[in-house]
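*Asks:* Attaching a single structure in structure tokens format; questions to follow.
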Amino acid sequence: MKKTVIALAIAAFAATGTASAATVYNQDGTKVELGGSLRIFLGKLGKHERGDLVNDGSRIKINASHELDNGLSAFAGYELRFERDAYKNKQTAANDFGDPTTRKLFVGLGFENVGKLSFGRQATNADDVLGDSLYYRSGEYGILTTRSDKSVKFRSADFNGFSFGVDYLFGDADKTRTQAVPPATATSKYKSGYGVAAFYNYDIAENHKFDVAAGYTVDQLDNTETTTTQQKNHNWLLATHYQLNDFYFGAAYGQGVQKVRSDESKNRTKFIFLESKYDLNGLTGIPSTVGLQWVRLGTKYDENASAQDKAKNVKNQYIAVVDYKFNKYVVPYVQYTRATEKDNLGQRTNENIYGAGLRVHF
């Protein structure tokens with residue numbers, strides 16, 4: 001049986017250039033699915049950069065499940081992500097096309113009409129709160145903790161449109177480590193974290209619906225000198241999405257606070273997100289969508305405990321994009337992005353990012 005599953009998976013993988021997400025094995029209560037997407041972006045990525053071709057989060061996914069008795073099931077998932085900013089090519093230059101990295105690897109149990117409990121490297125429930133849906137750099141500056149290297153996750157079943165989720169994130173288990181492990185800073189270490197999220201969706205009529213979501217995450221850090229929690233980052237986000245036929249609109253607002261044990265610093269952040277899309281197919285017969293997005297992240301430093309001059313940093317990003325759907329699997333697009341930043345010294349930085357991308361789903 002195992003050899004059969006592997007053989008089928010290899011055969012499906014070889015054909016992914018033209019295939020859709022495929023069930024490669026389905027027998028005796030066991031189901032294995034293979035899918036993913038290849039994503040590239042060609043364009044100008046900044047005023048100090050040449051035109052470039054980059055990988056934009058291409059991935060391959062394998063999901064497996066097995067039905068047990070009394071509404072119980074077991075499942076597992078694996079996602080191979082091609083990460084950027086690797087340094088393993090022969091030219092010893094930054095490899096923007098990325099190297100394969102295990103992005104997700106988890107197992108779990110499903111309970112019919114109750115929910116799913118999973119363990120491993122996986123996205124958190126907070127990953128579903130913002131709901132951004134554009135392409136290159138979409139949803140930049142998000143404040144929630146949306147993934148974990150190792151966590152326990154529970155996601156409830158849908159109860160009349162309502163569902164919720166709870167996460168616990170594990171950090172560095174070595175209390176004696178004298179050097180931090182990225183993404184922690186040179187002196188801090190990720191100790192643990194947790195999060196909760198809630199969701200509600202309602203269908204008003206056919207192609208007329210809305211949903212709301214809320215998330216709250218906490219990250220705790222210690223340092224290389226003590227195991228006592230030295231810093232806590234609290235973040236919350238409220239989001240809503242509305243669709244009426246070909247029109248879609250999304251909005252989100254959130255805040256965060258960074259508390260440091262050694263002083264009175266309470267650096268605060270505010271996050272704003274707006275997104276709209278219009279499907280031109282119904283109006284013009286062209287299978288194309290126009291999308292706009294604005295993201296703003298402001299950080300207010302504690303002037304009494306910080307040496308920040310203006311005590312504030314503000315980032316804005318504006319995206320305009322038009323895509324064309326050959327079908328639901330092949331989507332090219334053109335995009336313009338304007339990114340601005342005003343730092344704590346009052347200095348402004350502007351970036352114009354533009355180009356064309358292609359996503360092939362399978």
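*Asks:* Give the residue, chosen from GLY250, GLY282, GLY291, that is touching an Asp or Glu at 6+ places or on another chain (Cβ under 6 Å) and either farther than 27 Å from ASP167 by Cα or assigned to a helix (DSSP H, G or I) (or both).
*Replies:* Exactly one of GLY250, GLY282, GLY291 is touching an Asp or Glu at 6+ places or on another chain (Cβ under 6 Å) and either farther than 27 Å from ASP167 by Cα or assigned to a helix (DSSP H, G or I) (or both), namely GLY282.
*Asks:* Return the residue satisfying two criteria in turn: it lies in the stretch 70-90 and is at pLDDT 90 or above and over 23 Å from the mean Cα position of the chain (by Cα), and of such residues it is most open to solvent (accessible area, probe 1.4 Å). Show your work before the answer.
*Replies:* Pass one, the stretch 70-90, residues at pLDDT 90 or above: 70-81.
The next check asks that each one be over 23 Å from the mean Cα position of the chain (by Cα); those that pass are 70-74.
Values: ASN70: 162, GLY71: 26, LEU72: 51, SER73: 23, ALA74: 32 Å².
Per the stated criteria, the residue is ASN70.
*Asks:* Here is a follow-up. Got at least one residue in the stretch 328-346 being under 19 Å from the mean Cα position of the chain (by Cα), assigned to a strand (DSSP E or B) and of a type outside the set (Val, Ile, Thr)?
*Replies:* Checked against the condition, which is being under 19 Å from the mean Cα position of the chain (by Cα), assigned to a strand (DSSP E or B) and of a type outside the set (Val, Ile, Thr), the stretch 328-346 yields no hits at all.
*Asks:* Right, next: Every residue in the stretch 42-62 that is open to solvent by 50 Å² or more (accessible area, probe 1.4 Å), over 16 Å from ARG137 (Cα atoms) and not small (Gly, Ala, Ser), please.
*Replies:* LYS47, HIS48, GLU49, ARG50, LYS61, ILE62
*Asks:* Could you look through the stretch 126-156, keep only residues that are β-branched (Val, Ile, Thr) and under 15 Å from ASN233 (Cα atoms), and pick out the one that is most open to solvent (accessible area, probe 1.4 Å)?
*Replies:* Result: THR146.
*Asks:* While we're looking at this one, here's another question. Test each condition in (1) open to solvent by 70 Å² or more (accessible area, probe 1.4 Å); (2) in contact with a Pro (Cβ under 6 Å, 6 or more places away or on another chain) for ARG338 and report the one that comes out false.
*Replies:* (2)
*Asks:* So, one more: Check whether at least one residue in the stretch 263-273 is small (Gly, Ala, Ser), open to solvent by less than 40 Å² (accessible area, probe 1.4 Å) and farther than 21 Å from TYR301 by Cβ, and report yes or no.
*Replies:* no
*Asks:* Here are GLY43, GLY17: which of them is modelled with pLDDT under 90 and out of contact with any Asp or Glu (no Cβ under 7 Å at 6 or more places or on another chain)?
*Replies:* The unique qualifying residue is GLY17.
*Asks:* Six or more apart or on different chains, Cβ under 7 Å: which pairs go from a residue in the stretch 61-73 that's part of a loop (DSSP other than H, G, I, E, B) to one that's at pLDDT 95 or above and open to solvent by less than 40 Å² (accessible area, probe 1.4 Å)? Could you list them?
*Replies:* Pairs found: LEU68/ALA74.
Here's the yes/no breakdown for (1) more than 30 Å from SER288 (Cβ to Cβ); (2) surrounded by 16 or more Cβ atoms within 10 Å (Cβ to Cβ); (3) of a type in the set (Asp, Glu):
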{"position": "ASN207", "(1), (2), (3)": "no, no, no"}
{"position": "GLY215", "(1), (2), (3)": "yes, yes, no"}
{"position": "GLN220", "(1), (2), (3)": "yes, yes, no"}
{"position": "GLN231", "(1), (2), (3)": "yes, yes, no"}
{"position": "HIS241", "(1), (2), (3)": "no, yes, no"}
{"position": "LEU244", "(1), (2), (3)": "no, no, no"}
{"position": "GLY250", "(1), (2), (3)": "no, yes, no"}
{"position": "GLN258", "(1), (2), (3)": "yes, yes, no"}
{"position": "ARG261", "(1), (2), (3)": "yes, no, no"}
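*Asks:* For the stretch 269-292: of the residues being hydroxyl-bearing (Ser, Thr, Tyr) and in contact with a strand residue (DSSP E or B) (Cβ under 6 Å, 6 or more places away or on another chain), which is farthest from ASN207 (Cα to Cα)?
*Replies:* THR269
*Asks:* Take THR240 and tell me if it is at negative phi, modelled with pLDDT of 95 or more and in a strand (DSSP E or B).
*Replies:* Against the criterion (at negative phi, modelled with pLDDT of 95 or more and in a strand (DSSP E or B)), THR240 qualifies.
The values are calculated or read from the model by the stated rules, or taken from the named source; none is laboratory data. Just so we're clear, the structure is a prediction, and the values are computed from it rather than from any experiment. Cβ atoms come from the backbone with ideal geometry, glycine included; neighbour counts cover every protein chain shown. Note: accessible area is taken over every heavy atom of the protein model, side chains too, but ligands, DNA and RNA are not part of it. Shrake-Rupley method; radii C 1.70, N 1.55, O 1.52, S 1.80 Å.
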